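Contents: one structure, followed by commentary.
The values are calculated or read from the model by the stated rules, or taken from the named source; none is laboratory data. The structure presented is a predicted model; accordingly, all values stated were derived computationally and were not measured. For neighbour counting, all protein chains shown are included, and Cβ atoms are generated from backbone atoms with ideal geometry for every residue, glycine included. Note: areas computed on protein heavy atoms with side chains; ligands, DNA, RNA excluded. Shrake-Rupley method; radii C 1.70, N 1.55, O 1.52, S 1.80 Å.
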Amino acid sequence: MNQIESFWRYGQVKSNALNVRREPSRKARRWNNVWPMNRIVLVKPCGVDGWYETLYRGEPAYVMAVFIKLLGAVMELLIP
């Protein structure tokens with residue numbers, strides 16, 4: 001993963017209800033949260049194809065990349 005790929009980006013949810021998971025797997029437990037369509041979130045590649053890392057209540061969480069539309073902004077944030 002190159003340096004730019006590790007940066008956080010803005011993304012927009014493209015699904016009516018996007019599950020936010022504890023690990024980058026469809027079999028992983030979900031947080032008690034489903035994000036609505038058009039919600040703007042911070043995401044970055046997590047090293048698993050088809051998944052982005054995000055944050056849920058300050059904890060690492062994961063969403064399927066196919067349901068996120070990446071927006072133009074790329075930023076380096078001090079987020080673990």
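Which residues, taken from segment 55-68, are modelled with pLDDT of 95 or more and out of contact with any Ser or Thr (no Cβ under 9 Å at 6 or more places or on another chain)?
Passing the criteria: only ALA65.
For segment 1-25, give me each residue that is modelled with pLDDT of 95 or more, open to solvent by 70 Å² or more (accessible area, probe 1.4 Å) and over 17 Å from LEU70 (Cβ atoms).
ARG22, GLU23
Across segment 29-44, which residue is surrounded by the most Cβ atoms within 10 Å (Cβ to Cβ) among those that are among the basic types (Lys, Arg) and touching a residue at least 12 places away in the same chain (Cβ under 8 Å)? Working first, answer last.
Pass one, segment 29-44, residues among the basic types (Lys, Arg): 29-30, 39, 44.
With the extra rule that they be touching a residue at least 12 places away in the same chain (Cβ under 8 Å), the set shrinks to 39, 44.
Working: ARG39: 12, LYS44: 20.
Within segment 29-44, the match that is surrounded by the most Cβ atoms within 10 Å (Cβ to Cβ) is LYS44.
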